[in-house]
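First up is the structure itself, then whatever we jot down about it.
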Ligand code: NDP
Ligand code: 7N6
């Protein structure tokens, strides 16, 4: 089994780090040309991947990969769901704490060397506030347990209405407007699919409280961005933390950069200095399983 680490991973981590990790796990791994490899670890699709028996995405989301064409070409395709609960959970807890404790505004003022309190009615605690987490898989559960630990009342939305740790009530997608109505924070942790494209539209934003914050760590296309800008402009919601945008990078002229109550981050909620190890552990497991004729974990097709 020879695994090739594709150059497309470079924006996330140095490909050599994953080669080194896989080698330490006893997996033959290299960078370079795609010839003669049994598997490729990639961040982006490339047409040459149709000629490789197995493709592993270093991401949980695979909306950018031509999954049906892999199936037709007989390519096994696996993803990296399961590794982002702690990183994204902590990022979202940070977003909520930032808005409640007003840290973004103090950091803004620090750059101007201004020592000044926020208006008295602005600061609050997360304790007893409600969060609605839309999508209760790895990300959603990672978010839910952390917000629950901060004393929040956490409800969630998923297709199968089973409870998960930290969540007091689960709604199905048809009841999204009802689920978000009482929440101070609405956190998006769903995959981008046909059903979730534009899921948060003007009607859902309208159903949210005027003092509510939207946190999007899913994909930009899950939110109708023009409707979000309108809701922020009109004060229909209080603000937003946006790690996933449409398009990425967010264009310089986007009005989203300019709102005081919007945090824009460059799709980094999951990034940690050991990301290559988390991906590498999945790749090593699958390299062994495929070699032994077992089904790989995280198989998409
Ligand atoms: P999972 O597959 O573990 O979880 C997905 C969850 O979404 C499941 O609970 C699923 O429901 C639910 N879901 C699916 N469709 C719908 C729908 N139409 N309405 C409501 N809920 C729905 O995925 P992950 O948690 O690993 O990742 C989720 C997404 O987050 C990724 O696809 C990716 O786009 C994004 N992501 C972003 C990161 C970042 O850096 N910002 C990092 C990692 C992922 P059910 O439980 O019923 O099946
Ligand atoms: C950069 C983020 C995912 O889907 O969007 C994330 O896993 C990846 C590593």
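General remarks:
- Every residue from region 6-32 that is more than 24 Å from the chain's Cα centre (by Cα) and touching a residue at least 12 places away in the same chain (Cβ under 8 Å): 16, 19, 21, 22, 25, 26, 27, 28, 29, 30, 31, 32
- For region 293-301, the condition of being more than 13 Å from ligand 2 (Cβ to nearest atom) and crowded, with 18+ Cβ neighbours inside 10 Å holds for at least one residue.
- Restricting region 201-213 to residues that are touching a helix residue (DSSP H, G or I) at 6+ places or on another chain (Cβ under 7 Å) and free of Cβ contacts under 8 Å to residues at least 60 places away in the same chain, the residue that is nearest to residue 101 (Cα to Cα) is 208.
- Scanning region 34-49 for residues that are in a loop (DSSP other than H, G, I, E, B) and more than 16 Å from ligand 1 (Cβ to nearest atom) gives 34, 35, 36, 37, 38, 46.
- If the condition is being crowded, with 16+ Cβ neighbours inside 10 Å and either touching a residue at least 60 places away in the same chain (Cβ under 8 Å) or away from ligand 1 (no atom under 15 Å from the Cβ) (or both), then region 237-253 contributes 237, 238, 239, 241, 243.
- Residue within region 74-82 that is surrounded by fewer than 17 Cβ atoms within 10 Å (Cβ to Cβ), under 18 Å from residue 191 (Cα atoms) and within 16 Å of ligand 2 (Cβ to nearest atom) present: yes
- Looking across region 85-112 at every residue that is farther than 22 Å from residue 213 by Cα and in a loop (DSSP other than H, G, I, E, B), the one that is farthest from ligand 2 (Cβ to nearest atom) is identified as 112.
- Of the candidates 170, 157, the single residue that is within 12 Å of ligand 1 (Cβ to nearest atom), within 29 Å of residue 65 (Cα to Cα) and touching a residue at least 12 places away in the same chain (Cβ under 8 Å) is 157.
- Qualifying residue in region 265-278 (condition: surrounded by fewer than 19 Cβ atoms within 10 Å (Cβ to Cβ), over 23 Å from residue 79 (Cβ atoms) and in contact with a strand residue (DSSP E or B) (Cβ under 8 Å, 6 or more places away or on another chain)): no
Matching residues to (1) closer than 26 Å to residue 139 by Cβ; (2) in contact with a strand residue (DSSP E or B) (Cβ under 9 Å, 6 or more places away or on another chain); (3) at pLDDT below 95; (4) outside the structural domain of residue 141 (by TED's automatic domain parsing):
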site	(1), (2), (3), (4)
30	no, yes, no, yes
39	yes, yes, no, yes
46	no, yes, yes, yes
49	yes, yes, no, yes
52	no, yes, no, yes
74	no, no, no, yes
77	yes, yes, no, yes
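The values are calculated or read from the model by the stated rules, or taken from the named source; none is laboratory data. Remember, it's a predicted structure, so these values are computed and weren't measured experimentally. Backbone-built Cβ (ideal geometry, glycine too); neighbour counts: all protein chains shown.
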